[in-house]
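Participant: Quick one: the structure is below, questions incoming.
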Amino acid sequence: MDDRFTVYGSFTSSSSYKPMLFLALARLPYAFKSVNLKTGAQRMPGFLAVNRYGQVPALCHGGLTIVQSNVILDYLARITGRFDGASEGDRWRAREWLSWEADAIQNIARVRHFSRFRAVDPAVMAHVRPLAEAALDFMDRWLENRSWLVGNACSIADIGCWGRMVFMAEGGMEIERWSNVQAWSRRLMAMPGFAMPYDLIPKRDQEMLPN
């Protein structure tokens, strides 16, 4: 059984960034396999054999292949004991945040995608952008007088939400508008091992070692 972690991901993918940020913060080595979304590598038979959905990321570990970024975060927290929450209540709340992120914070990623990669009818952006801003408004209220989304330490809730919203400026949403969210992001950035996506995600296959 292979106990090494292998992550399949893409340089511009916030979904790929989430498990990679977890592993960087946990100071764990892993192998990175680049999937070039621009050339359609995610739809080729070789990658579809890894991830039937034709999406990144995918995590291979211990004979298992796990897909969907928040499920991967759940798995990594369980298998490593890191960023899982200090109590049973915290662990469930962290996973509630991941479910909410997939619905609400996902709109931030959509705004970025429609701004940078695919032009859409202005009516579509007019619908999605307020949803993205409402998610940030909610987070900003929640983080008032709190350091982290769950409990007193960083958890997969923080990693999952930050990992999805990290490219928000590319969608024209400046984090300075949400002061509590900005302060929270700075706490994340101060953690050993933290790196932004373009500094963390390689453009080619690479062995990733803790820095």
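Participant: Can you tell me which residues in segment 129-154 are under 19 Å from A195 (Cα atoms) and in a helix (DSSP H, G or I)? First the steps, then the outcome.
Facilitator: Residues of segment 129-154 that are under 19 Å from A195 (Cα atoms), as a first pass: 148, 153-154.
Across segment 129-154, there are no qualifying residues.
Participant: Of (1) in contact (Cβ under 8 Å) with a residue 40 or more places away in the chain; (2) over 17 Å from the mean Cα position of the chain (by Cα), E176 satisfies all except one. Which?
Facilitator: Against the list (1) in contact (Cβ under 8 Å) with a residue 40 or more places away in the chain; (2) over 17 Å from the mean Cα position of the chain (by Cα), E176 comes up short only on (1).
Participant: A follow-up question, please. Restricting to segment 52-80, and then to whatever is over 20 Å from S13 (Cβ atoms) and outside any loop (DSSP other than H, G, I, E, B), can you tell me which residue is nearest to the chain's Cα centre (by Cα)?
Facilitator: First pass over segment 52-80, keeping only residues over 20 Å from S13 (Cβ atoms): 62-64, 77-80.
Filter once more, so that each one left must be outside any loop (DSSP other than H, G, I, E, B): 64, 77-80.
Details: L64: 20, A77: 14, R78: 17, I79: 18, T80: 18 Å.
Per the criteria, the residue is A77.
Participant: Could you tell me which of the residues R204, R116, R146 is at pLDDT below 95 and charged (D, E, K, R)? Steps first, please.
Facilitator: On the way: R204 fails: at pLDDT below 95; R146 fails: at pLDDT below 95.
Only one candidate qualifies: R116.
Participant: Read through the list (1) surrounded by 13 or more Cβ atoms within 10 Å (Cβ to Cβ); (2) of a type outside the set (K, R); (3) in a helix (DSSP H, G or I), then give the number of the only condition that A126 fails.
Facilitator: Of (1) surrounded by 13 or more Cβ atoms within 10 Å (Cβ to Cβ); (2) of a type outside the set (K, R); (3) in a helix (DSSP H, G or I), only one is false for A126: (1).
Participant: Next question, about the same structure. Could you tell me which of the residues D205, D121 is farther than 18 Å from P57 by Cα, out of contact with any helix residue (DSSP H, G or I) (no Cβ under 9 Å at 6 or more places or on another chain) and among the acidic types (D, E)? Even if it seems obvious, please write down each step before you answer.
Facilitator: Values: D205 fails: farther than 18 Å from P57 by Cα.
Sole residue among the options that is farther than 18 Å from P57 by Cα, out of contact with any helix residue (DSSP H, G or I) (no Cβ under 9 Å at 6 or more places or on another chain) and among the acidic types (D, E): D121.
Participant: Something else now. Take segment 152-182 and flag every residue that is loosely packed, with under 15 Cβ neighbours inside 10 Å and farther than 25 Å from F114 by Cβ.
Facilitator: Within segment 152-182, N152, A153, S179 meet the criteria.
Participant: A further question follows. Any idea which residue in segment 81-96 is nearest to M139 (Cα to Cα), counting only those that are of a type in the set (D, E) and part of a helix (DSSP H, G or I)? Lay out the reasoning, then the answer.
Facilitator: Step one: list which residues in segment 81-96 are of a type in the set (D, E), which gives 84, 88, 90, 96.
Those left that are additionally part of a helix (DSSP H, G or I): 88, 90, 96.
Numbers: E88: 22, D90: 17, E96: 14 Å.
Of everything passing the filter in segment 81-96, E96 is nearest to M139 (Cα to Cα).
Participant: Give me the residue from segment 1-51 that is of a type in the set (F, W, Y) and part of a loop (DSSP other than H, G, I, E, B) and, out of that set, farthest from V67 (Cα to Cα).
Facilitator: Initial filter on segment 1-51 (of a type in the set (F, W, Y)): 5, 8, 11, 17, 22, 30, 32, 47.
Filter once more, so that each one left must be part of a loop (DSSP other than H, G, I, E, B): 5, 11.
Numbers: F5: 13, F11: 17 Å.
Here the residue is F11.
Participant: Being over 16 Å from the mean Cα position of the chain (by Cα) and closer than 12 Å to W148 by Cα is the filter; apply it to segment 183-204 and report the residue that is surrounded by the fewest Cβ atoms within 10 Å (Cβ to Cβ).
Facilitator: R186
Participant: Hey, another quick one. Could you list all residues from segment 155-211 that are in contact with a Phe, Trp or Tyr (Cβ under 6 Å, 6 or more places away or on another chain), in a loop (DSSP other than H, G, I, E, B) and farther than 18 Å from S10 by Cα?
Facilitator: S155
The values are calculated or read from the model by the stated rules, or taken from the named source; none is laboratory data. Nothing here was measured: the structure is a model prediction, and the numbers come from that model. FYI the Cβ positions are ideal-geometry reconstructions off the backbone, even for glycines, and counts take in every protein chain you see.
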